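Take a look at the structure below.
Just so it is clear, none of the values below were taken in a lab; they were calculated from the coordinates. Only a predicted model underlies this, so the values are computations on that prediction, with no experimental measurement involved. We place every Cβ from the backbone using ideal geometry, glycine too, and count neighbours over all the protein chains shown.
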Amino acid sequence: MTIFPPDPDFEALRLELARLRAARGWSYDELAARSGLARRTLIEIEQGRTIGTLKTWHALAHTLSTPLDEFFSTLCNGHEPPSKADD
């Protein structure tokens, strides 16, 4: 029997991005200029049209001074995050 992991909460991830951007008072243009990402990419991520790449989220984490693991911890909203395997 195959046990599949729970679905990631991509909506929580995009909402966290929107929250962090708004907390700084940054427009899409401001975040785009600071991160080097396209304004369109940021809009599409926040509106749930795309997930974005790991490279994109890495750039956002640095720009927003937010550890990448804090961003991605929102993917586990509604279920327990994976635990470290015992060595």
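Worth a mention:
- Whole-angstrom gap from the range 1-39 to the range 44-87, using each part's C-alpha centre: 8 Å
- Distance between modelled label sites at C76 and L15, nm, 7 Å Cα→Cβ extension: 1.9 nm
- Where labels lie 7 Å past Cα in the beta-carbon direction, separation of S27 and E44 in nm: 2.2 nm
- Helix 54-63 vs. the chain, principal-axis angle (Cα, 0 to 90°, nearest 10): 60 degrees
- Modelled label positions at S65 and I3, each set 7 Å beyond Cα in the direction of Cβ, lie 4.1 nm from each other.
- Listed candidates [x] 48; [y] 26; [z] 12 - label of the one calculated as percent of Cα pairs over 23 Å apart: [y]
- Based on C-alpha pairs under 8 angstrom that are at least 6 apart in sequence, the chain has a relative contact order of 40 percent.
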